[in-house]
Amino acid sequence: MSNWMFSGGHAPRQVGDASPRNEHRKQQVRRLKPCFQVTGAALLIALAAPPSSARDRGQFVNSSPEMKAWFDGLRSGKGPCCSDADGSAVSDVDWETRNGHYRVRIDGEWIDVPDDAVITEPNRVGRTMVWPMRGYQGVSIRCFMPGSMT
């Protein structure tokens, strides 16, 4: 048995026909619309987020295993510094102390080093190093290890 007889037979349906089936479809579309909007917004935010800047550039590839282990264990008050590959050596002209606090020049801009980012253990490599973190709010310092300033 079919609904052919009750659906009007061969008579064409009107575009604005308010059959229960059409109303049900409209309700489904109305229910799904907010889901699509939220998914689209989340996708846009994910695509706009900058990629992570941690990478192994291989600048300390000739380091001894002891030095690599020492670098990997470095920590500041902000947490682990990640490794030697994430840090950058800083020239003496690109860092200074002012009023008992450190400042470092990164990409031509002077940035104050937070006190809890300073590594307090002895510097075994001798040169100043910084572990910058680049994010959507700019550059912040995760770890800073002062050198001898010679």
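Every number in this text was worked out from the coordinates using simple rules, so none of it is lab data. Keep in mind that this is a model prediction, so the values were computed, not measured. Methodologically, a virtual Cβ is constructed for each residue, glycine included, from the backbone with ideal geometry; neighbour enumeration extends over all protein chains shown.
Structural remarks
- Paramagnetic label zone (point 7 Å from Cα along Cα-to-C-beta, residue 89; backbone N under 11 Å) in the stretch 98-132: 125-129
- Between amide H atoms placed 1.01 Å from N, distances below 5 Å from residue 123 occur with no residue 5 or more places distant or on a separate chain.
- Projected label points at residue 68 and residue 121, each 7 Å from Cα along the beta carbon direction, are separated by 1.8 nanometres.
- Length gained on full extension, residue 48 to residue 107, computed as 0.36 nm times the residue gap minus the Cα-Cα distance: 19.0 nm.
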